[in-house]
Structure formats: C-alpha cells, structure tokens
1. Please compute the Kirkwood hydrodynamic radius over the chain, one decimal place, Å, based on all pairs of different Cα atoms.
2. What aspartates and glutamates sit close enough to K153 to cross-link, taking a C-alpha to C-alpha distance under 19 Å and skipping anything fewer than 8 places away on the same chain?
3. Does segment 179-227 classify as rounded, prolate or oblate by the C-alpha gyration tensor (a ≥ b ≥ c root eigenvalues; a/c under 1.5 gives rounded; else a/b over b/c gives prolate, otherwise oblate)?
4. With the Cα gyration tensor of segment 124-230 giving a ≥ b ≥ c as the square roots of its eigenvalues, does the rule (a/c under 1.5 for rounded; else a/b larger than b/c for prolate; else oblate) give rounded, prolate or oblate?
5. Ignoring ligands, DNA and RNA, what percent of the accessible area of segment 7-228 is carbon or sulfur (1.4 Å)?
6. How much length would be gained if the chain were fully extended between V139 and E71, taking 0.36 nm per residue of separation minus their Cα-Cα distance, in nm to one decimal?
7. Among DSSP beta bridges lying fully in the chain, give the percent that are antiparallel, nearest 5.
8. Let's test the formula: R0 of 25 Å, r as the Cβ-Cβ distance of F150 and Y197. What FRET efficiency results, to the nearest 0.05?
Amino acid sequence: MFREKFVSVIIVAAGKGTRMGLELPKQYMTIAGKTILDTTLYKFEKSNEIDEIILVVNKEDMEYVKSEIAENYEKITQVVQGGSTRTESVFEGIKSVRSDCSVLLIHDGVRPFVSYNLISSCVENAFLHKACIPVIDVVDTIKEVSGDGFVEKTLDRQKLKSVQTPQAFDFETIKQCYMNAITEDAVFTDDASIAEYYGYKVKTIEGLPRNLKITTPLDLRIAEILASVY
C-alpha cells in the first residue's frame, strides 16, 4: 500500500571534507574504483522505494557534478547548490522536492553502505509514524565531561544510540519544520533534531553497523575494506 505514494530523497554532498586533511572533498574520493558519492547514489537509484533524487552539492562543484555524475542517474531531477550550514543545504534541497511528495528521506552523501532493506524500512516507518531514524547501539562507555576536562557523570549506555541516515519524514511535516528552523536561524546536528524541537515524536529502527559516515582517513580505509564485501 505504500508504493502508491511518491517518495523523494535528498542526498547531501555539500561538505568540504576538512577533517580528511585533503583538498579533494571526501564525497569525490574513490573506493573500489567509484567515487563515494557514486556508490551512495547507486543504492537510491536502484531502490524500488525511491522515485526522485535531489542532490545538494557545493557551488564550486555544480558543473562537475551535473556533467560527470548526475547524467548517469535517471532519478536525479535536480542538482542544487548547498548553503553555509547543513540545515541550509537540506532546506535548499527541500525547496526542489516535488509538491506531491509524501515521504522524504534525507541521507548523507558519504554513507555509501546503506542497504536496500534499510531504505525500505525507513520509508515504511515514515508512512506509519511521520518521522523515522535508523540507530545502532553505542559500544563504548560514554562520559559527560566538564569544560575543564573532568568527568561529571557516566551516562547509561543502554539508553544511548548512535544515529544514522537516511532519516525519513512525512514531507509536509519536515518541510514546515525546516521553514521554521530557517526563519529562527536555529542550528541542529541532524534532521530528526529539528522534528523533535518542534514537538514531533521520532520512531527509531535498527540501523546497520556498516552504514558508516566517511569522515576521517581511518573511515576511508575501513570503507575500502567494506567496498570489497558489499
């Protein structure tokens, strides 16, 4: 019953990749002979759940992405220039989503190991609950530390989760939340935080340990190993 609805995804690939310590943004680095961004896009292009892809990139990358990447994907309908923050970049993508969209997924361009099953589960739960995020267990002990470097308390690991993307939402709900956030010039670390801030409950589903966000040189090495398997 869910596939009679229109489903869009915004792929956010407007990061500078400064934590890599390299000039080339991480989304254009290669693993197993393909760019990280291509590997990510392929999963959504081939997913039966996705009808439309909106790709958000840096201003200076627009022409390259349009000519060298976007042309290879039938579902990419728009390549959009990102903003100065992730929130602004996602909002630019939201403005390009089709008006008849029912569910919107938002995904990091540097999470190339998302699975088709996870995409499907996110879509289904967004239809059911209006907001859905994949999470995995936190394996390390987490401490809350003061500004001067002393432990203030140990947090209950059983209640803590590490959050992944894609994050999935009822389109009109997340669109309104983002409009409010931009108007108020509020800063958030992920999309679900915006929905939470404006009073919406967010459903969690089981994520994938392999669905890592490639941020550091170590992540890139791990990704090269994973690319040989998945």
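1. 18.2 Å
2. Answer for K153, where 19 Å is the Cα cut-off: D140, E144, listed by chain and number.
3. Here segment 179-227 falls in the oblate category.
4. oblate
5. 48 percent
6. Fully extending the segment from V139 to E71 adds 20.4 nm.
7. 40 percent
8. Taking R0 as 25 Å, the efficiency between F150 and Y197 is 0.25.
The values are calculated or read from the model by the stated rules, or taken from the named source; none is laboratory data. Only a predicted model underlies this, so the values are computations on that prediction, with no experimental measurement involved. Glycine also receives a Cβ, built like all others from the backbone with ideal geometry; neighbour counts cover every protein chain displayed. Note: accessible area is taken over every heavy atom of the protein model, side chains too, but ligands, DNA and RNA are not part of it. Shrake-Rupley method; radii C 1.70, N 1.55, O 1.52, S 1.80 Å.
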